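A.B. asks: The following block contains the structure, expressed as structure tokens.
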Amino acid sequence: MSLQLLHLILLYSLVSPIASSKLSDFTRTKPGCPGRCGATKVPYPFGIGSNCSIDIPGFSFYCNTTAQPPQLLLRLSDLNHHHVVNISKSSIRIKNPIYTSRCTEDRFAPTNLTTINFTGSPYTMSNLNFVTQVGCTDLTVLEGSVVSGENFVSGCVTFCSSTNFSSGTAANSSCPGNACCQVRIPEGTVYLNVSVSGVANKWENTKDVRCRYSFLGEIDNATVRAVSELYEPDKPRWSFMKARNVVLDWRIGTGGCSRDAVCLDNSSCVNASGAIGGYRCKCLKGYNGNPYLAPGCQGAYIKLLNSLCNLRFWY
């Protein structure tokens, strides 16, 4: 190995981590603006307060510092607020309260759940989300629309294999399965309304299975806990009732890439999924940074290595 090549390798090993550490990444915030609310980072094109986000409705958040810990809020209208817990390059996650817990002798009375509406905003619901229904002989109906304006209707029915539904059998249950059913949310959904009602069942005593629970969000172990605790009298029936994470895809505009795209230097415009429209920006290979915020994506250590390669070493 020549001394010149050896020096290049040595210089690369010393400079690369230093240069890379100085590169901005997607988490970079607009200068002079708060970079986080509580534990939640807020990268540009999002921002907290006025003049801190891209000039597109829906990208500006509010930090509720009266809550402990502080909560980042997406306020699409006076009555449409959502608690944001995470922001990534293509999605955000919000806390969504479990829709309903209903315990009544009149199981056939319908329950209308809270409507979610993102029409006209940069957000659509991801197909990582499900509506989960826990109970026995319940009919869950979803009515909604996607960003293209098309409407959809779907649903599911829960059944229980036994009125003596014990914690032992429930602990081994899964969803969909005994006492639980799920409906996946179509990609690009902007409006969703869910209703639940009981259906007649000839094979069970409805007095023993009068409670039902419905919630929206990503699926995790809470679903199994919900099933396992459904008929345990010694446990609070609401022990699993906590906010779920709902995944929202975000994009800029509704059309595809064009000359008007906001992508800065050393980045490219990437069309979002056809189901949601719009576009996002992405740094070119070998570059890092925030493609929405000046000076754009940077490749400092690559330029440095190119300069080193042009140096002449005399020995």
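The values are calculated or read from the model by the stated rules, or taken from the named source; none is laboratory data. As the structure is a computational prediction, the values presented were derived from the model and not from experiment. Quick reminder, even Gly has a Cβ in these numbers, built from the backbone with ideal geometry, and neighbours come from all protein chains shown.
A.B. asks: Can you pull out the residues in the stretch 30-53 that are in contact (Cβ under 8 Å) with a residue 12 or more places away in the chain, part of a loop (DSSP other than H, G, I, E, B) and within 20 Å of the chain's Cα centre (by Cα)?
C.D. replies: Scanning the stretch 30-53 gives Gly38, Ala39, Val42, Pro43, Tyr44, Pro45, Phe46, Ser53.
A.B. asks: Let me ask you something else. Of the conditions (1) outside any loop (DSSP other than H, G, I, E, B); (2) at pLDDT 95 or above, Ile18 clears all except one; give me its number.
C.D. replies: Failing condition for Ile18: (2).
A.B. asks: Here is a follow-up. Please work out if Pro291 is surrounded by fewer than 16 Cβ atoms within 10 Å (Cβ to Cβ), at pLDDT 90 or above and touching a Leu at 6+ places or on another chain (Cβ under 9 Å).
C.D. replies: In short, no.
A.B. asks: Those residues that are surrounded by fewer than 19 Cβ atoms within 10 Å (Cβ to Cβ) and modelled with pLDDT of 65 or more, I need them from the stretch 192-219; list them, please.
C.D. replies: Taking the stretch 192-219 as the starting set, the residues that turn out to be surrounded by fewer than 19 Cβ atoms within 10 Å (Cβ to Cβ) are 193, 195, 197, 199-208, 210-211, 218-219.
Once the filter is applied, which keeps residues that are surrounded by fewer than 19 Cβ atoms within 10 Å (Cβ to Cβ) and modelled with pLDDT of 65 or more, the stretch 192-219 yields Asn193, Ser195, Ser197, Val199, Cys211, Glu218, Ile219.
A.B. asks: In the stretch 129-158, how many are without any contact (Cβ under 8 Å) to a residue 60 or more places away in the chain and touching a Phe, Trp or Tyr at 6+ places or on another chain (Cβ under 6 Å)?
C.D. replies: 2
A.B. asks: Related question: Which condition number does His82 fail, the rest of (1) out of contact with any strand residue (DSSP E or B) (no Cβ under 6 Å at 6 or more places or on another chain); (2) modelled with pLDDT of 75 or more being met?
C.D. replies: Status for His82: all satisfied but (1).
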